[in-house]
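Following: one structure in structure tokens, then a few remarks.
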Amino acid sequence: MMDEIMELARSLPLTRQVLADSLETATPAQMEFMLSWMNEELASRERSKRARLPEQAGLPGVKELDGYDWTPVRFPVDYGREALESLDFVANSEDVVLFVFCFNFS
């Protein structure tokens, strides 16, 4: 039965009306299953999107701050390394602009 369901799922996108009609007669356990299933599907799509979009944008691989040499970095008076590492700017929808100066004296 599971193979049959998986095969049908490949060719049948959900329509809201069919879903609504099915939920009309669903038991609480069936509704709980559907809720769990849909939440897992949305989470899976979000994970896939987060993995796919940076690659499509041509961004370099994931970077981490561990082991970063902070000695040449200068921060504004009211913003320091701890503020940057806290990532609060993400939750606050704030922009952070980093400048890297490279000099080539050849």
Return the only residue of 48, 86, 44 being of a type in the set (Gly, Ala, Ser), surrounded by 10 or more Cβ atoms within 10 Å (Cβ to Cβ), farther than 30 Å from residue 19 by Cβ and out of contact with any strand residue (DSSP E or B) (no Cβ under 8 Å at 6 or more places or on another chain).
86
Go through the range 24-41 residue by residue and tally those that are closer than 17 Å to residue 13 by Cα and either open to solvent by 60 Å² or more (accessible area, probe 1.4 Å) or among the aromatic types (Phe, Trp, Tyr) (or both).
6
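The values are calculated or read from the model by the stated rules, or taken from the named source; none is laboratory data. Given the structure is predicted, the values throughout are model-derived calculations rather than measurements. As a convention, Cβ positions derive from the backbone with ideal geometry for all residues, glycine included, and neighbour counts pool all protein chains shown. All accessible areas refer to the heavy atoms of the entire protein, side chains included, with ligands and DNA or RNA removed. Shrake-Rupley method; radii C 1.70, N 1.55, O 1.52, S 1.80 Å.
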